[in-house]
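Visitor: Dumping the structure here so I can ask a few things about it.
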Amino acid sequence: MNHFSHDVSGKTVRAWMPSISEYSGPSYLALASAIEDAINAGLVRPGEKLPSQRLMADFLGLHVNTVNRGLRELAWRGRTRGNTRSGTVVLSFCDR
């Protein structure tokens with residue numbers, strides 16, 4: 001798993017970013033599995049927002065549609081909920 005820093009409104013923000021290099025199969029499933037593993041390991045906690053789809057796509061070298069498909073897979077698994085314009089949020093067990 002990776003961390004990166006970027007500027008938001010003049011402040012440096014450190015955020016978590018998935019790494020899919022150790023996963024095989026289609027990129028969207030690798031992304032979904034990497035994020036799910038991070039949730040299970042406590043690297044990303046319930047209520048936290050995931051990085052934006054465009055940011056993940058740029059960072060991972062994927063097309064934004066591939067990232068979108070991976071996040072839809074996570075939502076189907078009941079691990080996240082995506083909200084248009086407000087991002088994807090990790091769900092707790094009771095939110096499912």
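The values are calculated or read from the model by the stated rules, or taken from the named source; none is laboratory data. Everything quoted here is computed from the prediction, not taken from an experiment. Cβ sites come from the backbone with ideal geometry, for glycine too, and all protein chains shown count toward neighbours.
Okay, residues lined up against (1) at pLDDT 90 or above; (2) in contact with an Asp or Glu (Cβ under 9 Å, 6 or more places away or on another chain); (3) surrounded by fewer than 14 Cβ atoms within 10 Å (Cβ to Cβ):
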position: Arg14; (1), (2), (3): no, no, yes
position: Leu50; (1), (2), (3): yes, no, no
position: Gln53; (1), (2), (3): yes, no, no
position: Asp58; (1), (2), (3): yes, no, yes
position: Ala75; (1), (2), (3): yes, no, no
position: Arg81; (1), (2), (3): yes, yes, no
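Visitor: Given the structure, is Arg85 modelled with pLDDT under 95 and part of a helix (DSSP H, G or I)?
Guide: Here the answer is no, as Arg85 does not meet what is asked.
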